[in-house]
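Trainee: Below is a structure I'd like to ask you about.
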Amino acid sequence: MIAEYKHLAEMGAKLVELRVDWILRPVNLKRILAKRFCPVVLTCRRERDGGKWARTEQDRMILLRSAIVEGVDYVDLEDDIATLIPRYGKTKRIISYHNFRETPENLREIHDRLSKMDPDIVKIATMAHSPHDNLRMLRMVRESKTPTIGLCMGEVGTPTRVLCGKFGAPFTFATFHAERMLAPGQLTFKQMLEMYRYDSINDSTEVYGVIADPVAHSLSPHVHNAGFAAMKMNKVYLPFRVSREDLPSFLANCRELGIKGLSVTIPHKESVLRYLSKTDEVSQRIQAVNTIDFSGATAIGSNTDYQAVIQSILPLFGDKAKRRPLEGVRYLMLGAGGVARATVYALDSLGARAVITSRTLARSDELANQFGGEVVPWEERHEVKCDLVVNGTPVGMHPNVNETPFDKRYLRGTMVVFDAVYNPEQTLLVKQAREQGCRVITGVDMFVTQAALQFKIFSGQQPPLEQMRQEVIRAIGPARY
């Protein structure tokens, strides 16, 4: 514990929590606290509170009192024992409440109760089941007169660990290492410091993010935060896990959360349209949105996917000088969702002819009726003779990396294969296409291009394209091929 404490301080941590309940033998407080590499919070959690302390409650109380006598900088006291351990010396008191089941409706009442227990800081951590739980928690932090740390646990609650700084929390909590996560939804110290630049967040920080369900796999926070950092912008980009059911309430809460722009991905690209009063002409035509701009009085939906498709595919086909440079190219479109709609719209404008297939025949028919093209049942996709195969499905996406939407036996060396999945970049489809001698366009190519176009919408400035691309490649792995 001492070694890791020292290491964190050397990495730049300004405050370190020592979880002494993880020490399974008698705790030597004098040794732990003898040399302070930086200020510390001493915490000793019982098993019922998510900790490791299995000895008696009396022994725990003695340990906490002894830490105060030793002059520890902060001590964390749960609400049921706070009144039993009085203030002493210069040690500051964190009075905490944890709820691993839910975010209660009476957050304000809980906060008021804790505020009467002589705290220097109130800490409330609860489990989030909807994005609205995050807003309720952050609103409480902002309105509190006593310095308050309010965090929501779980993947849905992850944004609060960063945004609490914007809303006025004195500090937040991160884990030392991804393998040492002590609460669900925690970010690592390195992520907080390098990706989210937590130390620079203030009440003026503009918030951006990606909405998806699930969202943990998204590389959008990597690429956009790298861009903001390179341009020294006071902006942060977060992952928001939002279910279909929670989408309307989340969009209604965006302005209070300080959100200026959103990337939109699976499963919301099409459904989000009904909640936007204004979309650009292309999005209306495609009937899919992947970008929302909240900077004006009205939220505006747009689509950068189709431009990314054009910029990714055009170099491998046709004469760019021609009005319809893909005239005569026949392609197989796998999928009929938001990515597929943008792809078919883009390739139709270039003159290519679509053969559309998906697991839902009605969706394929709808897409073909709108833009033209043939439709084949999913089971017959391998019989289609084509120059280009485009995967617009999530098949092959992490963690299902051993799946492919198109069997290797039917790939020919004369084909171009374009897989819109970007995590991993080297999907099974991409690997097998290379083995068969196909020219390949990876999802990273399209992803970085569409992200760069979004970055310009979000910031009004030209994106640092190379830094963004390198960050995606670094996040995925050391090698692209």
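The values are calculated or read from the model by the stated rules, or taken from the named source; none is laboratory data. From a predicted model like this one, the values you see are computed outputs, not experimental measurements. So basically every Cβ, Gly included, is an ideal-geometry build from the backbone, and we count neighbours across all protein chains shown.
Trainee: Would you check if residue 437 is assigned by TED's automatic domain parsing to the domain that holds residue 333 and farther than 11 Å from residue 332 by Cα?
Mentor: Values: assigned by TED's automatic domain parsing to the domain that holds residue 333: yes; farther than 11 Å from residue 332 by Cα: yes.
For residue 437, the condition - assigned by TED's automatic domain parsing to the domain that holds residue 333 and farther than 11 Å from residue 332 by Cα - is met.
Trainee: Here's a check for you: in segment 269-318, which residue that is assigned to a helix (DSSP H, G or I) and acidic (Asp, Glu) is farthest from residue 344 (Cα to Cα)?
Mentor: Initial filter on segment 269-318 (assigned to a helix (DSSP H, G or I)): 271-275, 281-286, 305-316.
Still in the list and also acidic (Asp, Glu): 281, 305.
On the way: 281: 16, 305: 11 Å.
Of everything passing the filter in segment 269-318, 281 is farthest from residue 344 (Cα to Cα).
Trainee: Can you tell me which residue is nearest to residue 183 (Cα to Cα) among those in segment 71-99 that are assigned to a loop (DSSP other than H, G, I, E, B) and touching a strand residue (DSSP E or B) at 6+ places or on another chain (Cβ under 9 Å)?
Mentor: Within segment 71-99, the subset assigned to a loop (DSSP other than H, G, I, E, B) is 71-73, 79-81, 85-91.
Retained after the next criterion (residues that are touching a strand residue (DSSP E or B) at 6+ places or on another chain (Cβ under 9 Å)): 72-73, 79, 85, 87, 91.
Numbers: 72: 23, 73: 23, 79: 18, 85: 25, 87: 28, 91: 25 Å.
Among those residues, the one meeting the criterion is 79.
Trainee: Every residue in segment 330-350 that is in a loop (DSSP other than H, G, I, E, B) and at pLDDT 95 or above, please. Talk me through it step by step, then tell me what you get.
Mentor: Going residue by residue through segment 330-350, those that are in a loop (DSSP other than H, G, I, E, B) are 335-337, 350.
Within segment 330-350, 335, 336 meet the criteria.
Trainee: Can you name the helices (runs of 4 or more DSSP H) wholly within segment 407-481 that have at least 3 residues being modelled with pLDDT under 95?
Mentor: Numbers: elements: 428-435, 443-459, 465-476.
Where helices (runs of 4 or more DSSP H) fall fully within segment 407-481 and carry at least 3 residues being modelled with pLDDT under 95, they are 443-459, 465-476.
Trainee: Using beta carbons and a limit of 6 Å, which pairs, at least six apart or on different chains, have the first residue in segment 222-236 and over 14 Å from residue 260 (Cα atoms) and the second one surrounded by fewer than 19 Cβ atoms within 10 Å (Cβ to Cβ) and hydrophobic (A, V, I, L, M, F, W, C)?
Mentor: Filtered contacts from segment 222-236: 222/475.
Trainee: Hey, can you tell me all the residues within segment 377-405 that are at pLDDT 95 or above and closer than 14 Å to residue 340 by Cβ?
Mentor: Of everything in segment 377-405, those that are at pLDDT 95 or above and closer than 14 Å to residue 340 by Cβ turn out to be 378, 381, 388, 389, 390, 391, 392, 393, 395, 405.
Trainee: A further question on this structure: Restricting to segment 105-144, and then to whatever is touching a residue at least 24 places away in the same chain (Cβ under 8 Å) and part of a loop (DSSP other than H, G, I, E, B), can you tell me which residue is surrounded by the most Cβ atoms within 10 Å (Cβ to Cβ)?
Mentor: Looking at the filtered set, the residue picked out is 128.
Trainee: In segment 432-481, how many residues are in contact with a helix residue (DSSP H, G or I) (Cβ under 7 Å, 6 or more places away or on another chain) and among the charged types (D, E, K, R)?
Mentor: Total meeting the criteria: 5.
Trainee: Looking at segment 234-252, which of its residues are crowded, with 18+ Cβ neighbours inside 10 Å and of a type outside the set (Val, Ile, Thr)?
Mentor: Within segment 234-252, the first condition is being crowded, with 18+ Cβ neighbours inside 10 Å, and the residues that meet it are 235-242, 246-247, 250-251.
235, 237, 238, 239, 240, 241, 246, 247, 250, 251 - these are the residues of segment 234-252 that are crowded, with 18+ Cβ neighbours inside 10 Å and of a type outside the set (Val, Ile, Thr).
Trainee: Scan segment 253-293 for residues that are buried (at least 21 other Cβ atoms within 10 Å of the Cβ), of a type outside the set (S, T, N, Q) and under 17 Å from residue 457 (Cβ atoms) and jot them down.
Mentor: 254, 259, 261, 262, 264, 269, 272, 286, 288, 289, 292, listed by residue number.
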